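Since the structure comes first, as structure tokens, the remarks are kept for the end.
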Amino acid sequence: MSQSNEWIDENHLGVRYGLKGKIIHHEKSKFQDIIIVETERYGNALLLNNCWMAAEKLEKHYHECLVHPALCGAKEISNVLIIGGGDGGTARECLRYSKVERLDIVEIDSRVIELAQQFLPKIGGTAWNDPRLNVHIEDGVGWVKKAQELFYDIIIVDGSDPDGPAEGLFNKSFFDRCKHILKPGGIFATQSESPEAFKEIHIETIKIMREIFAYVDPLYGCVPMYPSGWWSWTFAAMDSPRYLTPKSERSSNIIDQCKIWSPRWQQGGFNAIPAFIERELAS
Ligand code: SPD
């Protein structure tokens with residue numbers, strides 16, 4: 001992160017991704033460096049280890065795309081697990097479905113949740129008080145190791161980039177364990193970085209997931225404050241690519257309040273795989 005003339009920048013591979021604003025909170029938690037910025041355009045924003053995570057007025061570009069292909073596509077959605085997601089945006093989108101009975105959120109850093117509740121309360125909104133939500137301050141890797149087999153209908157990984165506390169959420173043994181705790185008809189979803197700014201991690205993540213799950217497809221969209229602005233989420237299932245086809249009885253209740261996601265947007269996003277990524281995945 002660099003700071004000059006009220007500009008706060010994430011620096012990545014010689015490119016700056018900046019927002020105009022001022023730092024209103026800065027601390028080092030047990031796990032990472034945490035900064036809250038009051039930005040001119042997007043409201044309060046969160047940086048973890050100097051990387052942009054979420055901003056009050058831009059978070060829907062990310063959270064809707066991570067959640068709705070999974071929640072609209074799975075056979076059942078009673079039991080949902082979120083690994084990471086400490087700002088509450090992923091939980092908020094999941095809890096819009098009345099069929100979700102239990103939502104476990106497993107976040108390693110309690111300070112992320114506390115600071116999100118204090119400085120970015122609109123992102124989690126009413127999710128934090130929803131009786132279906134169970135917050136566990138634990139390591140997600142340990143959680144999936146001890147979770148009961150065939151327990152979750154949905155597993156969503158909403159972590160940061162894989163060079164901090166989220167490192168263990170991108171490897172084969174983690175994905176394999178997730179497969180085992182997923183029910184038949186279930187869907188696994190993860191943020192899978194930028195095909196431009198994090199090309200190698202993006203390709204590697206999809207390739208490893210394809211060694212574990214029977215069906216795996218990346219979805220492409222835009223999160224303007226992240227490196228390159230071009231982002232991806234990858235979905236996986238065992239019985240069919242059911243994340244490709246939203247169930248209309250679920251999507252019809254969700255769509256009116258979505259800013260980005262719709263069944264039509266989703267269809268385009270799955271088809272928008274860039275040619276260079278498609279070639280490299282085939283090699
Ligand atoms: N480089 C940014 C990656 C961020 C992915 N997770 C964001 C958390 C939002 N809930």
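The values are calculated or read from the model by the stated rules, or taken from the named source; none is laboratory data. Note that the coordinates shown come from a computational prediction; the quantities given were computed from them, not determined experimentally. In this analysis, Cβ positions are derived from the backbone assuming ideal geometry, glycine residues included, and neighbour counts consider all displayed protein chains. The area values use the complete protein model at the heavy-atom level, side chains included, leaving out ligands, DNA and RNA. Shrake-Rupley method; radii C 1.70, N 1.55, O 1.52, S 1.80 Å.
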- Note on the structure: Taking first residues from the range 251-262 that are assigned by TED's automatic domain parsing to the domain that holds ARG96 and second residues anywhere that are among the polar types (S, T, N, Q) and surrounded by 14 or more Cβ atoms within 10 Å (Cβ to Cβ), the pairs with Cβ under 6 Å that are 6 or more apart or on different chains are ILE255/SER262
- Query: Which ones in the range 53-83 are in a strand (DSSP E or B) and open to solvent by less than 10 Å² (accessible area, probe 1.4 Å)?
  - Reply: ALA54, ALA55, VAL80, LEU81, ILE82, ILE83
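Residue by residue, here is whether (1) part of a strand (DSSP E or B); (2) not polar (S, T, N, Q) holds:
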{"site": "THR205", "(1), (2)": "no, no"}
{"site": "GLU211", "(1), (2)": "no, yes"}
{"site": "PRO227", "(1), (2)": "no, yes"}
{"site": "ALA236", "(1), (2)": "yes, yes"}
- Message: Give me the residue from the range 125-167 that is small (Gly, Ala, Ser) and within 15 Å of the ligand (Cβ to nearest atom) and, out of that set, surrounded by the fewest Cβ atoms within 10 Å (Cβ to Cβ).
- Response: GLY125
- Query: How many of the residues making up the range 1-13 are in a loop (DSSP other than H, G, I, E, B) and within 16 Å of the ligand (Cβ to nearest atom)?
  - Reply: 2
- Task: Look through the range 207-263, keep the residues that are among the β-branched types (Val, Ile, Thr) and more than 16 Å from the ligand (Cβ to nearest atom), and return whichever of them is surrounded by the most Cβ atoms within 10 Å (Cβ to Cβ).
- Result: VAL216
- Task: Count, please, the residues in the range 14-52 that happen to be in contact (Cβ under 8 Å) with a residue 60 or more places away in the chain, within 12 Å of the ligand (Cβ to nearest atom) and either within 17 Å of PRO224 (Cα to Cα) or outside any loop (DSSP other than H, G, I, E, B) (or both).
- Result: 6
